[in-house]
Structures are given as C-alpha cells and as structure tokens.
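Undergrad: Please find one structure pasted underneath; my questions will follow.
Taken together, the values in this text are just the output of simple stated rules run on the coordinates, not laboratory data. From a predicted model like this one, the values you see are computed outputs, not experimental measurements. In this analysis, Cβ positions are derived from the backbone assuming ideal geometry, glycine residues included, and neighbour counts consider all displayed protein chains.
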Amino acid sequence: MTRPFRVWLTGVLLAGATVVTAQRPFPAPTPTAPAAALIDTLDRQGERWVDETFKRMTLDDKVGQLFMTSIDSMYLASDTDRFDALVEQIKTLKVGGIIAFGGSERAPSVLLNNTYGTVTLGQPFAVASTLNRLQDASAIPLLNAADFETGVAFRIAGATGFPRAMAFGAAGDEQLAFEAARITAREGRALGIHLNFAPVADVNNNARNPVINTRAFGEVPAAVGALNAAYIRGLKAGGMLSTLKHFPGHGDTDVDSHIGLPVITHPRERLDAIELPSFRAGIAAGADAIMTAHIQLPALDSGEFSPATLSRPIITGLLRDELKFPGLVVTDAMTMDAVSRRLTPGEAAVRAVQAGNDLILQSPDDAQAIAAVKAAVTAGQIPVAQVDASVRRILRTKARLGLHRSKRVSLDELPAHVGGREHAKVAREVSQRSVTLLKDDRNQVPLRVPREAAVLYLSVLDYPSGWRIASPSRTVIPELRQRWPSVTAIELSDRATPSEIDLVRATALRYDAIVVSVFVRASSGSGRMDLAPAVSRLLQDLARSTANTPKPFVTMFFGNPYVPMFIPELPAVLLTYDFYDLAEASAVRALAGEASIGGRLPITLPGFFDAGFGLVR
C-alpha cells in the first residue's frame with residue numbers, strides 16, 4: 001500500500017468511524033449558493049409555523065403527508081392530463097412530497113431483438129419548473145427527493161456526475177466524499193430537490209450481490225461508516241437532507257429486492273459487527289433520514305413475511321428505541337416486487353406505517369394506499385399519536401429546509417449552480433484516483449507501444465440491451481485513437497456468434513497490442529451480472545496465446561469489480577468501479593501513463609486479493 005492509503009485504512013480499522021485524513025483544498029461554497037447549510041434547531045418562527053400548521057390539519061392532511069409520489073424530469077406542460085393528475089394527488093390526496101426520477105421513453109415490447117433502452121436523463125429546467133408549479137398547488141410545502149447517489153447527473157442531464165460510491169472507497173479520501181456531496185447538494189437544491197436518497201450505508205461483502213455492489217463504499221464496516229459520515233456532512237453543508245440506506249443492511253444478499261425477497265440469516269452478533277456499524281456512524285454524523293430495506297432478517301423478526309420495511313421490531317425496536325434515531329424513516333419503493341407481489345398497495349402501506357415508517361415511497365396506487373391508512377387510523381389499528389409524531393417530524397424537516405419561507409426555486413439562477421467546470425474538476429479527481437491496478441504480470445501498464453502501433457480493441461459486454469444512457473466504449477475508442485490512431489474496435493457480448501468469436505481469436509495475434517474493456521452491470525431488476533461463457537473463454541485463450549509474445553494484453557473492467565475472479569488468467573487488470581464517459585476517460589489516461597495509478601480495493605476478491613490491495617504506477 002502507499003502510505004496515505006495505509007494510514008487511512010489502518011485508521012478506520014482501529015478507530016471505527018472516526019477518521020482524520022489529509023484535507024485537500026477545494027473551492028469554498030459561493031455566496032450565491034441556492035441554499036445555506038441545514039440547521040438542526042428551529043428558530044421561533046419555524047417552531048411557530050410547525051405548531052400552527054399542525055393545528056389546522058385534518059386527518060386527510062396528516063395521512064397525505066406520509067406519502068411521496070413520483071414524477072419524470074421531462075418537460076411537462078400545465079395543460080396536460082399528467083399534470084392535472086399530479087395536481088389532483090396534491091389537492092385531493094394531499095401527498096406530502098415528490099420523488100423525481102430521470103426520463104423514460106417508449107420502446108417496443110418484442111422478443112429476440114429487444115435491445116432498446118427506455119431510460120433517459122431528465123432536464124434541469126423541466127424538473128425545476130414542474131416542481132415549482134406543484135409547490136404552488138400545495139397548501140403545505142412539498143418535500144422533494146431524488147436518488148442522487150452519483151450526483152445530480154444520476155438523473156438529470158447537464159449536472160455533475162460523480163463515480164459510484166465504491167470508487168470513493170478505492171480513492172480512500174473522506175474530503176473527496178464531503179466535496180462531492182456538497183456539490184450534489186448545491187445542484188439538487190437549485191432544482192428544488194431537498195432530500196437525497198444517499199449515501200448507501202450497506203457493506204457489500206457478497207460478490208454475487210446484484211443490487212448493491214458498486215453502490216456501496218466497500219466492505220470494511222469502519223471505512224464505509226467514515227465515508228458515509230463525510231458524505232452526510234457534505235450534504236448538510238450544501239443544504240440538503242441525507243438518507244442512509246438500506247437499513248439494516250442490504251450488502252450480503254444474492255437476491256435483487258426489485259424482483260424477489262432477499263433473506264439474510266446471520267445472527268444478531270454478526271449484524272452488530274458487520275451491517276450496523278456504518279449506520280451507527282451515519283446516525284452519529286447527523287443523518288436526516290434512513291431508508292428501510294425490503295429484506296427479511298429472521299434474527300431480528302421471525303415473522304413469516306416481515307421484511308424490514310414492514311417490521312416493527314426492526315424499525316421501532318432496533319432503529320428508534322435501540323439506535324435512538326430521531327429523524328425520518330422512509331420505505332424503499334413500494335412498487336418493488338419483494339413487497340408488491342405479496343401485498344396490495346393498501347395492505348403494504350398500513351403495515352409500513354404500523355412498523356414505524358414516516359414516509360411511504362412510491363406506492364403502486366397512492367389513492368388506495370392513503371384510503372387504507374386512513375381507515376386503519378379510524379379503526380384504531382394505527383394510533384393517532386403515531387401519525388401525529390410522524391407528521392411533526394415531516395413538518396419540522398420542511399421548516400429546517402426553510403420551505404415555510406420560500407418553496408420555489410429560481411429558474412434564472414439555475415445555470416449558475418448546476419454543472420460547470422469547478423464541479424467537474426472534483427469528479428475527475430475522484431475518478432482518476434479510484435483506478436486500481438490489480439495485476440500486471442508482464443509489466444505492460446502503462447502501455448508502451450509506439451503511436452503507429454496497430455491496436456485491437458475489444459469492447460466486451462454482458463448483454464447489449466438497456467445501455468440507453470451509457471453506451472459502452474463511446475469514450476474509450478476515441479480516446480485510444482487520439483493516442484494510437486490505428487485502432488480496430490470490435491464489440492462482443494452474449495449475442496456474439498461462434499464464427500465471430502473464432503474470427504477474433506484467429507486474427508488477434510496480428511496486432512501489436514490487445515486492449516479489452518469489460519462492461520458488466522449489477523443492474524437493479526435485470527437478474528444478470530456475468531459474461532457469456534464463450535466470451536470468457538475467448539479472453540482466457542487470448543491470455544494464453546499472448547503469454548510467450550511481446551504483445552501487450554491489458555483488460556480494463558467497468559462496473560462490477562468482482563468479474564476478474566472468474567477470468568484469473570488475465571495478465572493485466574485495471575478496475576474503475578463505474579461506467580460512463582468519466583470512468584472510460586480515466587481508464588485510458590491510466591493505461592497511457594498520463595495519470596498515476598494508486599486506487600486500492602475497498603472489497604475483497606475472495607481467493608485472489610484482499611481489501612486494500614492495489615499496485616502503484
């Protein structure tokens with residue numbers, strides 16, 4: 001290990017969540033930032049607004065505050081059925097908040113050639129305008145949220161995008177996590193978003209985890225907790241609320257809760273040692289909210305169907321009473337199959353409130369769910385006092401954000417806060433410092449071939465569908481050609497035919513160097529996270545056939561960092577933990593020797609490399 005990373009990792013192992021690292025100079029928040037740092041104590045005006053608002057509220061008003069509905073961040077005219085429906089949810093159902101996603105587009109539902117992607121990014125002016133108009137329609141200010149795990153660009157075009165959390169773990173610098181969060185907060189607040197469903201506090205220690213994976217900072221509990229704490233402080237400095245997720249820990253599962261119910265059978269002692277420390281660190285750092293997970297933990301609740309989201313022993317017993325968490329408790333999306341396959345929207349919402357959740361996120365049917373909760377309160381199945389306590393937490397949160405004074409954002413000021421060169425500079429530093437060199441058996445990194453060399457580039461995909469906003473190799477190929485103009489680029493995936501694979505195998509040795517990029521997703525809802533066996537065999541064959549030649553053979557991995565375990569023959573391996581243009585550009589710069597390489601594994605690759613390993617260039 002290099003000394004700074006060794007000091008950092010040793011510190012987190014010895015000191016738990018309390019770590020001090022060297023501070024890097026970054027630009028201070030500008031005085032024109034859209035929101036001041038969050039306050040934890042309300043002034044008299046805020047307290048008076050909470051009390052007066054609460055006194056005027058009917059049961060309909062109170063129950064509505066417990067629900068957050070969703071919007072796409074695409075342009076939405078006021079004179080449309082969709083906008084009318086949203087206003088109806090606000091005025092009639094009285095929902096308390098909005099979760100903003102990116103965009104989507106229609107695609108044909110076909111077999112055999114279904115490679116169409118439907119996910120797109122939203123537009124900054126569009127989402128800000130829609131949220132302003134919905135705020136105008138709401139008597140009580142709306143609490144707006146989004147998944148900005150990798151920055152606002154995770155959902156919104158033109159904003160700043162940061163690498164996935166595991167890249168921060170590889171970089172091992174809390175100040176970078178703080179600064180990325182502060183920038184995310186500044187940009188998000190400029191759009192009218194108040195609550196970030198981040199950071200991910202899960203400790204990813206299962207190589208087959210299909211839903212957390214690179215979304216986690218790593219697998220060392222203390223290191224994850226330290227980065228969580230830094231991220232929370234950064235969001236707070238930028239005026240945005242933080243959310244620890246997915247309580248009590250979704251890191252050791254091999255089932256995606258979007259399509260099934262994961263069951264974690266570990267005893268309580270193991271949960272205390274591995275899963276819970278990062279949540280404790282986040283709570284100590286002042287986390288504003290915690291998202292509960294659709295996972296079953298028999299050691300905490302032995303009920304036949306009691307995922308944490310619906311479990312009173314876990315939410316009220318463990319989180320509230322034992323861990324003393326005072327903030328908002330929010331469910332994961334109630335549309336996910338882990339819950340929605342078993343319960344109606346009304347049944348699920350009632351059980352979630354009974355368990356102790358304050359906010360119900362994205363019910364499949366808000367009207368049905370709200371009616372069921374109201375009926376349960378009227379029937380005494382949900383105590384009125386519990387609803388009142390949740391409503392007061394929500395109102396106090398809105399007052400902490402200053403929404404009782406101003407709930408709209410300025411569209412004119414938006415371009416000064418969202419995106420820009422200074423923000424992008426921080427993202428580039430995180431990305432470059434996270435690049436990890438796992439192997440270089442033949443001493444071929446950086447790539448030492450002349451500019452006129454003939455380079456074979458293989459873009460190797462898990463499967464070709466669903467890449468709508470992250471087309472693989474769209475940056476690697478032009479970046480390689482800037483340095484080595486004679487690049488032949490070929491894409492391979494599970495759709496590659498035997499003859500295509502044989503052609504690559506037969507011609508590869510004619511080139512002066514072989515560079516491979518492997519793109520494997522751990523994608524929510526896909527149920528897939530591997531390369532096709534025939535493609536893996538091709539890479540193994542190329543490793544063997546180049547072993548006794550001077551030809552460089554280097555493989556760069558994007559996304560799932562556990563994949564190298566399944567192709568151990570590869571002689572040179574670089575990890576980036578991410579997709580998109582930033583990761584691709586960083587990898588090529590490292591490959592070309594234009595940037596130092598110093599990232600360290602924040603996870604263990606069982607049987608191969610321990611957490612903390614990484615070669616230095």
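Undergrad: Apply the Karplus curve 6.51 cos²θ - 1.76 cosθ + 1.60, θ = phi - 60°, to the phi angles in the range 369-384 and return the couplings in whole Hz, x for Gly and Pro.
TA: Once rounded to whole Hz, the list reads 5, 5, 4, 5, 5, 4, 5, 5, 5, 4, 7, x, 7, 10, x, 4.
Undergrad: While we're looking at this one, here's another question. Return the FRET efficiency for the residue pair K55, L112: r is the Cβ-Cβ distance, R0 is 60 Å, and the value is rounded to the nearest 0.05.
TA: E(calc), rounded to 0.05, equals 0.45.
Undergrad: Here is a further query. Would you mind checking which residues have amide H under 5 Å from H246's amide H? H placed 1.01 Å from N; only 5 or more apart, or other chain.
TA: Amide H neighbours of H246, under 5 Å, 5+ apart: A201, D202.
Undergrad: Would you mind telling me the antiparallel percentage of the DSSP bridges in the chain, rounded to 5?
TA: 15 percent
Undergrad: Amide H to amide H under 5 Å from T120: which residues, 5+ apart in sequence or cross-chain, H placed 1.01 Å off N in plane?
TA: G103, S104, E105
Undergrad: Using the Karplus equation 6.51 cos²θ - 1.76 cosθ + 1.60 (θ = phi - 60°), what ³J(HN,Hα) coupling, rounded to whole Hz, does each residue of the range 159-169 give in order, writing x for Gly and Pro?
TA: 7, 8, x, 9, x, 5, 4, 5, 5, 5, x
Undergrad: Right, another one. Summing Lys, Arg as +1 and Asp, Glu as -1, what charge do residues with Cβ under 15 Å from the Cβ of G303 carry, G303 excluded?
TA: Taking every Cβ under 15 Å from that of G303, the sum is 0.
Undergrad: I need the GluC sites (Glu not before Pro) found in the range 414-492, filtered to DSSP loop residues with at most 15 other beta carbons within 10 Å of theirs.
TA: E452
Undergrad: Per 0.36 nm of contour for each residue apart, how much would the distance between T120 and Y75 grow if the chain were fully extended, relative to their Cα-Cα spacing?
TA: Contour length minus the Cα-Cα distance gives 14.9 nm.
Undergrad: Spin-label point model (7 Å from Cα, Cβ direction): what's the V87 to Q381 distance in nm?
TA: Output for this residue pair reads 3.4 nm.
Undergrad: In nanometres, what is the gap between the two model label sites at L509 and F305, each 7 Å from Cα along Cα-to-Cβ?
TA: That separation, rounded to one decimal, is 6.0 nm.
Undergrad: Name all residues of the range 346-376 having a backbone nitrogen under 15 Å from the label point set 7 Å from the Cα of R320 along its Cα→Cβ direction, giving them as ranges.
TA: Taking a point 7 Å out along Cα→Cβ of R320, the residues of the range 346-376 whose backbone N falls under 15 Å are 350-360.
Undergrad: Rounded to whole Hz and in sequence order, give me ³J(HN,Hα) for the range 109-123 from the Karplus expression 6.51 cos²θ - 1.76 cosθ + 1.60, θ = phi - 60°, writing x for Gly and Pro.
TA: Once rounded to whole Hz, the list reads 8, 10, 9, 6, 10, 7, 10, 6, x, 10, 7, 10, 8, x, 10.
Undergrad: What FRET efficiency do you get for V616 and R474 if R0 is 41 Å and r is their Cβ-Cβ distance, rounded to the nearest 0.05?
TA: Working: r = 29 Å, r/R0 = 0.72.
Once the sixth-power term is evaluated, E becomes 0.90.
Undergrad: Let me ask something else. List the lysines whose Cα sits under 30 Å from the Cα of K398, skipping any in the same chain fewer than 8 residues away.
TA: K55, K62, K91, K94, K236, K245, K324, K374, K407
Undergrad: For the pair R544/R448, report the inter-label distance in nm, with labels modelled 7 Å from Cα in the Cβ direction.
TA: Between R544 and R448, the simple spin-label model gives 2.8 nm.
Undergrad: Also, quick follow-up: Would you calculate a helix-derived [θ] at 222 nm for the chain, using -39,500 (n - 2.57) for each DSSP H run of n ≥ 4 and dividing by the full residue count, to the nearest 500?
TA: -10500 deg cm²/dmol
Undergrad: For the range 435-591, rounded, prolate or oblate, judged on the Cα gyration tensor with a ≥ b ≥ c (square roots of eigenvalues), a/c < 1.5 rounded, else prolate if a/b > b/c? Don't jump to the answer; show the numbers that get you there.
TA: Working: a/c = 1.43, a/b = 1.23, b/c = 1.16.
Here the range 435-591 falls in the rounded category.
Undergrad: Kindly provide the GluC sites (Glu not before Pro) of the range 560-598 that DSSP labels as loop, not H, G, I, E or B, and whose Cβ sees at most 14 other Cβ atoms within 10 Å.
TA: Here the sparse-neighbourhood loop sites are E569, E594.
Undergrad: Okay, next question. For the range 266-307, which GluC sites (Glu not before Pro) are in a loop by DSSP, counting at most 13 other Cβ atoms within 10 Å?
TA: Here the GluC sites (Glu not before Pro) that fit, given the DSSP loop and packing criteria, are E304.
Undergrad: Of T53, F125, L176, which is farthest along the charge dipole of the chain in the positive direction, counting Lys and Arg as +1 and Asp and Glu as -1 at C-beta?
TA: The residue sitting farthest along the positive end of the dipole is L176.
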